[in-house]
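Down below is the structure, laid out as structure tokens.
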Amino acid sequence: MADREVVQEKSTCTRCGLTKSLTFEHVPPRGSGENGPTRLYNMLDALTAETVPWDFRGREFQNAQRGTGGYYLCSDCNSRTGRETVPAYLEMIRQTRAQNVIPLELQWARGASWQVSLHEIEPNAIARQVILMIACMNNHTFVRSKNLLTILLDKHYRPKKFEHGLYVFINAGALSVSYPAIVLGGLHGKMSVVTGVFTGTYSFQMELDQRTNPHGYADISNWITDFAHGETASIDLHIPILETNVGLPGAHQSRAEILQNLEQHRRSQTAR
Ligand SMILES: [Zn+2]
């Protein structure tokens with residue numbers, strides 16, 4: 001879904017890796033109806049601020065009038081993914097929004113989840129579109145692993161094994177953060193490399209080094225291996241609703257928990 005606006009300077013295309021003029025790519029795709037003018041805040045500012053993470057007053061931001069995205073893909077890759085994977089992704093979003101009747105009390109309930117029934121969708125193309133969006137959030141070195149690269153480049157390539165975790169959840173929190181690969185420690189004593197992209201409907205996380213699914217996300221990793229390109233299936237997804245109020249991947253504390261922690265911290269400071 002490209003604006004046909006081309007940057008003058010050549011750069012490396014995230015998908016094909018060639019040095020070419022890049023076109024503006026909307027992430028998520030513009031046709032999803034959830035990519036309008038946006039304020040972009042620096043995550044580091046939010047993490048180091050003295051205020052609660054969702055208080056943006058006085059913080060600097062960048063106005064993204066055309067929505068979120070950037071110059072990630074060359075014109076050829078933009079057109080090709082626009083044909084091969086974007087339509088299947090948009091169909092999943094369309095069906096989801098048609099069923100989007102999450103009761104308000106559920107949206108903010110801890111441990112809540114929502115069941116969506118997707119009818120005759122194309123799982124392989126959708127998963128490849130999600131990986132592409134995540135790749136765009138990273139830089140062009142992200143897909144240099146041969147497996148990922150071939151998944152993005154060749155629609156008929158169906159790996160026997162997909163060693164990454166690809167997950168879906170619904171964000172009910174105050175922040176919408178997309179982040180390049182981040183290494184997290186302390187997860188059952190293991191390191192975990194996580195990256196992801198948030199949209200108005202779904203949020204997607206990818207675990208790069210393992211598949212631990214620490215928060216019980218809906219796991220769609222098998223959409224890459226179990227379905228051929230063009231193959232359709234009707235799938236029920238049980239999707240957890242998790243808050244994101246801190247700009248770190250996998251930090252799903254509720255606002256109430258954060259406020260409680262802050263209060264406890266304040267009390268322990270004054271007791272000293
Ligand atoms: Zn390209």
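The values are calculated or read from the model by the stated rules, or taken from the named source; none is laboratory data. Owing to the predicted nature of the structure, the values given are computational and were not obtained by experimental measurement. A quick note on method: Cβ atoms are made from the backbone with ideal geometry, for glycine too, and the neighbour counts reach across all protein chains shown. In case anyone asks, the SASA skips ligands and DNA or RNA and just uses the protein heavy atoms, side chains included. Shrake-Rupley method; radii C 1.70, N 1.55, O 1.52, S 1.80 Å.
Which numbered condition trips up ARG211, out of (1) in contact (Cβ under 8 Å) with a residue 60 or more places away in the chain; (2) within 11 Å of LEU166 (Cα to Cα); (3) of a type outside the set (A, V, I, L, M, F, W, C); (4) open to solvent by 50 Å² or more (accessible area, probe 1.4 Å)? For ARG211, the exception is condition (1). Are any of the residues in the range 216-233 under 16 Å from ILE134 (Cβ atoms) and open to solvent by 40 Å² or more (accessible area, probe 1.4 Å)? Scanning the range 216-233 turns up at least one residue that is under 16 Å from ILE134 (Cβ atoms) and open to solvent by 40 Å² or more (accessible area, probe 1.4 Å). The one condition from (1) part of a strand (DSSP E or B); (2) of a type outside the set (A, V, I, L, M); (3) touching a residue at least 24 places away in the same chain (Cβ under 8 Å) that GLY185 does not meet is (3).
Counting only residues that are touching a Leu at 6+ places or on another chain (Cβ under 9 Å), buried (at least 16 other Cβ atoms within 10 Å of the Cβ) and not in a loop (DSSP other than H, G, I, E, B), the range 43-76 holds 6 of them.
For the structure I just gave you, tell me whether CYS16 is assigned to a loop (DSSP other than H, G, I, E, B), within 12 Å of the ligand (Cβ to nearest atom) and either modelled with pLDDT of 85 or more or under 20 Å from ASN171 (Cβ atoms) (or both). Write out each step before concluding.
On the way: assigned to a loop (DSSP other than H, G, I, E, B): yes; within 12 Å of the ligand (Cβ to nearest atom): yes; either modelled with pLDDT of 85 or more or under 20 Å from ASN171 (Cβ atoms) (or both): yes.
Considered against the rule, which asks whether it is assigned to a loop (DSSP other than H, G, I, E, B), within 12 Å of the ligand (Cβ to nearest atom) and either modelled with pLDDT of 85 or more or under 20 Å from ASN171 (Cβ atoms) (or both), CYS16 comes out as yes.
Here GLU243 clears all of (1) at pLDDT below 90; (2) touching a strand residue (DSSP E or B) at 6+ places or on another chain (Cβ under 6 Å) except the condition numbered (2). Considering LEU90, LEU40, the condition of being away from the ligand (no atom under 15 Å from the Cβ), in a strand (DSSP E or B) and either modelled with pLDDT of 85 or more or more than 19 Å from the chain's Cα centre (by Cα) (or both) is satisfied by LEU40 alone.
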